[in-house]
1. Just to verify a number: FRET efficiency for B:Asn74 and A:Ala200, C-beta to C-beta distance, R0 = 22 Å, to 0.05?
2. I'd like the distance separating the alpha-carbon centroids of the stretch A:36-90 and the stretch A:275-318, in whole Å.
3. Can you list the lysines whose alpha carbon sits under 28 Å from that of A:Lys236, skipping same-chain ones fewer than 8 residues off?
4. Evaluate peptide A:51-64: per residue, the Cβ atoms of other protein chains within 10 Å of its Cβ; return the mean as an integer.
5. From the P(r) of the stretch B:2-121, can you give the percent of Cα pairs sitting at distances over 17 Å?
6. Of B:Cys84, B:Phe13, B:Ala48, whose Cα points farthest to the positive end of the dipole of the stretch B:2-121 (charges on the beta-carbon: +1 Lys, Arg; -1 Asp, Glu; origin at the Cα centre)?
7. How many nm separate the modelled label positions at A:Arg235 and A:Thr283, each set 7 Å beyond the Cα in the direction of the Cβ?
8. How do A:Ile246, B:Ile27 rank when sorted from fewest to most other Cβ atoms within 10 Å of their own Cβ?
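None of the figures in this text is laboratory data; all of them are computed from the coordinates on show. Treat the numbers as computed from the prediction; the structure is a model and nothing was measured. When we count neighbours, we look across all protein chains shown, and the Cβ atoms used for this are built from the backbone with ideal geometry, even at glycine.
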Amino acid sequence: MTRTGTGDDRALTRAAAREPAEREPRHRPWLGALLVAGMAAALGAAIAGLPREHAPLPFIARYALQVALPQWKLTEPVNEIVYGTRGFDTFGETFLLLAAVISVVIITRPREPRQGYFGESAAGAREQARDDPAVGTSAAEREARSAERREAGDQAPGDRGPALTPDATPLGTPAPETAEAMTVAVRNPVRVVLPILAVAGLYLVAWGFSPGGGFPGGAVALGVVLLIYASYGRRKISTVIRPGLIEPLELAGAGLIIMTEFLGLVLKGSVSANWLPLAQELTPLSGGVAQLFSVSELIEVGTGLIITVFALLGMSHDWARPDDGGPGGGEPGP
Amino acid sequence: MILGNYLAAVGLFCIGLYVVLTRRNLIKIVMGLSLMEASTYVLMVSLAYRAAATAPVLASPPAGKTARQLVHGNVADPVLQNFCLTAIVIGVAVTAVFLSVAVRIAQHYRTLDADRVRAMRG
């Protein structure tokens with residue numbers, strides 16, 4: 001991270017003045033409307049040929065319905081399609097998800113190594129001051145850095161310290177709100193809802209007749225983590241939600257999926273074939289590899305979504321001048 | 001009539017496309033792309049619908065029917081429901097990629113105006 005000179009206030013003001021005006025150039029609305037009208041006409045013609053509500057089911061759907069119970073002991077054909085009939089497609093989609101997660105990690109990752117998603121943007125401040133001691137800071141930068149330090153719990157001299165919750169903040173305290181967690185009126189209901197939500201997510205995965213299993217379960221896992229983060233603050237999750245733990249877990253989920261799919265090829269001669277014994281339907285082990293695949297998807301989707309959301313939330317301020325090198329500089333601004 | 005759902009999906013797609021084509025703010029463009037993405041969910045779920053059909057669940061079939069009868073009877077298309085399920089999760093991750101690029105552009109160029117990212121014009 002690079003410090004900038006005091007003259008940056010003017011640069012920032014100029015940059016703010018360049019923010020997009022709501023008034024668009026005149027040609028955009030009508031040209032856009034013309035192109036959209038053309039697209040609407042093409043799509044309208046396309047939907048005329050789509051099957052309607054009385055059309056028979058396509059062969060693949062009928063096939064999945066027929067094999068779900070006898071071949072997989074699954075009473076939920078959607079689950080059979082996700083992990084069985086279309087297992088190889090799901091395999092590909094999973095790695096599309098992984099590619100998106102890796103893209104987010106690469107785009108959002110700062111230059112300095114990080115232990116957590118938040119509060120480490122000042123990791124190189126000492127080295128920066130040593131290398132470039134003459135460069136001062138603008139008022140806007142000082143204000144933002146002060147806010148960052150409060151967020152990280154590394155209180156600067158003279159800063160108003162962060163209250164743990166709004167309940168601990170004296171009445172009449174001026175804005176901005178500095179509390180890390182929400183009020184007791186939010187925290188207590190969340191305390192009740194969290195276990196229910198977590199158990200519901202695990203239920204979706206554990207029972208073989210839930211649709212898709214791991215996909216909605218992973219989304220529920222993200223919801224649980226975000227609820228804790230929003231209501232109790234980042235400290236509550238910082239020991240678990242950190243790149244050093246979540247990213248290897250994500251890769252472990254991907255590895256488990258590869259193993260699940262390709263053991264089918266080795267043992268049964270077909271990728272995605274079932275190689276585990278099937279239990280009675282409506283039991284947790286009823287789907288064979290479908291259940292193993294589903295658990296792997298829970299890990300993959302849950303950690304993938306957590307990584308993307310927290311990588312975005314943790315994107316630090318970049319105070320480089322427009323003509324500096326590095327991620328905040330490079331090309332001059334307009 | 002399911003044609004109404006199809007038209008709603010087309011309408012949603014066109015609103016998103018209009019936003020992408022006419023807005024310069026990167027966040028609004030990402031919102032437009034998300035609308036286009038959402039229109040595909042509406043279309044897929046609508047395509048799966050069958051008149052007077054039951055859900056494609058073989059546990060606890062309706063009274064008087066067995067699971068085997070359900071397989072050969074009138075049920076909603078489970079394949080398109082599967083498409084929708086996976087598309088939603090991947091859509092979230094792809095939107096995150098768009099947003100992270102938008103934030104990096106904002107940090108790099110000090111603007112969210114796509115028209116002012118001059119270096120991309122070559």
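1. E between B:Asn74 and A:Ala200, to the nearest 0.05, is 0.15.
2. For the stretch A:36-90 versus the stretch A:275-318, the Cα centre distance is 23 Å.
3. Correct list for A:Lys236: empty, as no lysines qualify.
4. Mean partner shielding for this stretch: 6.
5. More than 17 Å apart: 67 percent of the Cα pairs in the stretch B:2-121.
6. Final value for the positive-end residue is B:Phe13.
7. 4.8
8. B:Ile27, A:Ile246
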